[in-house]
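A.B. asks: Below is one structure. I have some questions about it.
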Amino acid sequence: MNSNSLLAAVRVLVLVGYLAGVGGLGTSGADAPSKPALPAPDRDRVGFPKGYQEKFQIVRTFTRDKEQKLVTVYVNRKAGSITNLSQVPYPYGSVLVMETSSILQDAAGKPQLDEQGRPRKDKVTGLHVMRREKGFGAAYGENRAGEWEYMEYRPDGSYLTPPRKSATCAECHRKAGLKRDFVYRGRLPAD
C-alpha cells in the first residue's frame, strides 16, 4: 500500500469513527451519546388544572390546520385580569391552559363546524399549563422565563412532559420576551 492509499484509508476510518460517535453510522439510539438534560424543576409545582373547563375563562381559540388541531386558551381569574401590556407582569397565582384537541370530522373526513363556522372540538389530546408564583422558574437556569413554571399533561392528569423535561417549554417561552411576561398571547393582542 502506498502512502496516498494509506492516508486515504486513515481518513475513511477517522470519518467512520466520527460518524459513529455522533450517532450517525453504525450506532443505535441506545449507543449514541446522550445530550445532557437542560436544567428543570425536579417536581411538579404547576399542578393539573382540574375543572379548568368550568372554572376558567376562554380567552382565545384557533386552529392549527396542518395538524388538524383546535387550540383553546383558558385562564384563571388572576391571569384573566391582564388585558393589555401595561398591566404585566401577571399576578402571582396566574394559570394559563392551552388545550389541544382533535377536530370533529364528518364521515367524509371534513371538519364539522359550529354555528359560527368554527371547527368543533373532538377529543382533548393535551393540556399545556403555565403557572406564575413567587420564585418559580429558577430551576430552569439560563432558560428561565420569568417566574413561570410549565407542565404538559394528558387529559387524565398523567404527564405528556414530566417536570425534568419541561425546560423546552421555558426555553420556548423566553422567545415571547419580558415585555409580554413570557406569555405569547393569553388575551393580549399580537405584536
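A.B. asks: Can you find, within the stretch 117-134, the residue that is surrounded by the most Cβ atoms within 10 Å (Cβ to Cβ) among those that are in a strand (DSSP E or B) and in contact (Cβ under 8 Å) with a residue 60 or more places away in the chain? Explain how you work it out, then say what you get.
C.D. replies: Initial filter on the stretch 117-134 (in a strand (DSSP E or B)): 119, 121-132.
This time we only want the ones that are in contact (Cβ under 8 Å) with a residue 60 or more places away in the chain, so: 127, 129-131.
Working: Leu127: 20, Val129: 23, Met130: 26, Arg131: 24.
My answer is Met130.
A.B. asks: Does at least one position in the stretch 50-66 carry a residue that is surrounded by 12 or more Cβ atoms within 10 Å (Cβ to Cβ), touching a strand residue (DSSP E or B) at 6+ places or on another chain (Cβ under 7 Å), at pLDDT below 95 and part of a loop (DSSP other than H, G, I, E, B)?
C.D. replies: Taking every residue of the stretch 50-66 in turn, none turns out to be surrounded by 12 or more Cβ atoms within 10 Å (Cβ to Cβ), touching a strand residue (DSSP E or B) at 6+ places or on another chain (Cβ under 7 Å), at pLDDT below 95 and part of a loop (DSSP other than H, G, I, E, B).
A.B. asks: Given Gly135, Gly186, which one is at pLDDT 95 or above and over 17 Å from Lys50 (Cα atoms)?
C.D. replies: Details: Gly186 fails: at pLDDT 95 or above.
After ruling out the rest, the residue left standing is Gly135.
Quick grid of which residues meet (1) of a type in the set (Phe, Trp, Tyr); (2) in contact with a Leu (Cβ under 6 Å, 6 or more places away or on another chain); (3) within 19 Å of Pro41 (Cβ to Cβ):
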residue: Asp114; (1), (2), (3): no, no, no
residue: Pro119; (1), (2), (3): no, yes, no
residue: Lys123; (1), (2), (3): no, no, no
residue: His128; (1), (2), (3): no, no, yes
residue: Arg132; (1), (2), (3): no, no, yes
residue: Gly135; (1), (2), (3): no, no, yes
residue: Tyr150; (1), (2), (3): yes, no, yes
residue: Thr161; (1), (2), (3): no, no, yes
residue: Cys169; (1), (2), (3): no, no, yes
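A.B. asks: Tally up the residues in the stretch 98-116 that are of a type in the set (S, T, N, Q), without any contact (Cβ under 8 Å) to a residue 24 or more places away in the chain and closer than 23 Å to Gln57 by Cβ, please.
C.D. replies: 1
The values are calculated or read from the model by the stated rules, or taken from the named source; none is laboratory data. All values reported here derive from a predicted model rather than from experimental measurement. Glycine also receives a Cβ, built like all others from the backbone with ideal geometry; neighbour counts cover every protein chain displayed.
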